Amino acid sequence: MSSYASPLLSLPGAVPAEGQDAGVAAHYGDLFREQRSLARGEGFVDLSHRDVVTVGGPERLAWLHLLITQHVTELRPGHATEALILDAKGHIEHALYLVDDGETVWLHTEPGAAPALVGYLESMKFFYRVEVADRTAEFAVVWLPAGSIAPAPPGVVAREVAHGRELFLPRAGLAGFAERVGSPAGALALEALRVEAHRPRLGRETDHRTIPHELGWLETAVHLHKGCYRGQETVARVQNLGRPPRRLVFLHLDGSEVTIPEHGDPVRLAADGQEGRQLGFVTTSARHHELGPIALALVKRNVPVDAELLAGSTPAAQEVVVEP
């Protein structure tokens, strides 16, 4: 596990996150206030624990196009996209969040993923004029909510998407940026908004056999009409048959429960009780400032869409994310 600790953990009220988001703050003392602030377009989230990789060179887009699930040969400068790298059987290995600044592709990925990602990219360079670099030690990612008027520092690369704006800040400027913008929110607040928006995350909604169709990633990270890439055969076959083995669901959890289910807790039919057959597992749960306790879960494709479920021991009503 990484020993990274963000300098923003010294801010008043900061409580360190655990697990996948270790190294940054889980919250700064008031989870719901932080969520409401982000929903209003105020504040920022420290994502400096995430890994940063750059790909430079005149053939960077044509080369990446051959390796990832997204169509990027004509990616315009400043236009954000996301992509996956699959294994030979179509299982998800990496999730990439990209933007090109006209000379370099900047991307961030999950904490600790850069060494394996850079190793794979380096092995695929062959004769292409590209330069791959792990820039995690130099740059930190921060997230600004949609509607934020906080300006990016001069020269900082920004990745703008519908739900917010991500900045690739020089690490030396992280503390100064936090002081200027103010109203920091922790990783738990951002996770609650992510669950609300049904956005999957590698390592939370995925396991060793997850394919893109199960999570709705075909809509944002996979181009179905591009040339070959590793794992494309599985993507095409499942798309044509229309039968992914599992599907992502959104869960409204019983708010009367004191605790909420954890990642990996089993999902069963409520009618069968806790002794029933496991039909899936909870991927991410959160306490939302308006919706109350919510979660995402990955369940078998044939689970009825109107079935009441148990997430761990918590009753849950499901909402369809990926059609069966």
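The values are calculated or read from the model by the stated rules, or taken from the named source; none is laboratory data. Since this is a predicted model, take the numbers as computed values, not measurements. As a convention, Cβ positions derive from the backbone with ideal geometry for all residues, glycine included, and neighbour counts pool all protein chains shown. Side chains included, ligands, DNA and RNA excluded: accessible areas come from the protein's heavy atoms. Shrake-Rupley method; radii C 1.70, N 1.55, O 1.52, S 1.80 Å.
Probe 1.4 Å, all protein chains in place: accessible area of Glu308 in Å², nearest 10?
Ignoring ligands and nucleic acids, Glu308 comes out at about 110 Å².
What are the semi-axes of the equivalent ellipsoid for segment 245-323, taken as the square roots of 5 times the Cα gyration tensor eigenvalues, largest first, in whole Å?
Gyration-tensor ellipsoid for segment 245-323: 18, 14, 11 Å.
What's the whole-number percent of alpha carbon pairs in segment 171-254 lying beyond 16 angstrom?
Here the long-distance tail beyond 16 Å is 66 percent of all Cα pairs in segment 171-254.
Roughly how big is the chain's charge dipole about its Cα centre, with Cβ charges of +1 (Lys, Arg) and -1 (Asp, Glu), in debye to the nearest 20?
Charge dipole of the chain: 580 debye, to the nearest 20.
Once the convex hull of the C-alpha atoms of segment 1-121 is built, how many Å³ does it hold per residue, rounded to a whole number?
Expressed per residue, the convex hull around the Cα atoms of segment 1-121 is 143 Å³.
Kirkwood hydrodynamic radius, segment 102-171, all distinct C-alpha pairs: what's the number in Å?
By the Kirkwood definition, the hydrodynamic radius is 13.8 Å.
For the chain, report the accessible area per residue in Å² (1.4 Å probe, heavy atoms, rounded to an integer).
Ligands and nucleic acids excluded, the result is 45 Å² per residue.
Using only Cα positions of segment 59-126, each an equal point scatterer, no hydration layer, compute I(q)/I(0) via Debye at q = 0.29 Å⁻¹ and quote the log10 values to two decimals.
With no solvent term, the Cα-only Debye profile gives -1.56.
Carbon and sulfur atoms: what percent of the 1.4 Å accessible area of segment 1-243 do they account for?
After summing per-atom areas, the C and S share lands at 54 percent.
Would you kindly calculate the translational diffusion coefficient of segment 165-216, applying Stokes-Einstein with the Kirkwood radius from alpha carbon pairs, for 4 °C and a viscosity of 1.567 mPa s, and quote it in µm² s⁻¹ without decimals?
Once the numbers are plugged in, D ends up at 94 µm²/s.
Hey, if you drop one equal point scatterer on each alpha-carbon of the chain and run the Debye formula without solvent, what base-10 log of I(q)/I(0) do you get at q = 0.09, 0.13 Å⁻¹?
Results for the chain at q = 0.09, 0.13 Å⁻¹ read -0.48, -1.01.
Quote the relative contact order of the chain in percent (integer), defining contacts as alpha-carbon pairs under 8 Å separated by 6+ residues.
19 percent
Given a 1.4 angstrom probe, I'd like the percentage of the accessible area of segment 245-323 that is carbon and sulfur, rounded to a whole number.
46 percent
Kindly report, to the nearest 10 Å², the accessible surface of Ile92 as traced by a 1.4 Å probe over protein heavy atoms only.
Accessible area, nearest 10 Å²: 20 Å².
Rounded to a whole number, what is D in µm²/s for segment 86-229 from Stokes-Einstein with the Kirkwood radius over alpha-carbon pairs (4 °C, 1.567 mPa s)?
Taking Rh from Cα pairs, D becomes 75 µm²/s.
Rank Ala25, Ser37, Gly56 by how far each Cα sits towards the positive end of the charge dipole of the chain (+1 on Lys, Arg Cβ; -1 on Asp, Glu Cβ) and give me just the farthest.
Gly56
Suppose only helical runs count, i.e. DSSP H with n ≥ 4. What mean residue ellipticity at 222 nm does that imply for the chain under -39500 (n - 2.57) per run, divided by all residues and rounded to the nearest 500 deg cm²/dmol?
-4500 deg cm²/dmol
Between segment 160-207 and segment 244-269, how many Å separate their Cα centres?
One Cα centre to the other: 23 Å.
Given contacts defined as C-alpha pairs under 8 Å and at least six residues apart, what's the relative contact order of segment 1-98, whole-number percent?
Averaging sequence separation for qualifying contacts and normalising by length gives 15 percent for segment 1-98.
If I ignore ligands, DNA and RNA and count only protein heavy atoms, how much of Tyr229 is accessible to a 1.4 Å probe, in Å² to the nearest 10?
Using a 1.4 Å probe on the heavy atoms, I get roughly 20 Å².
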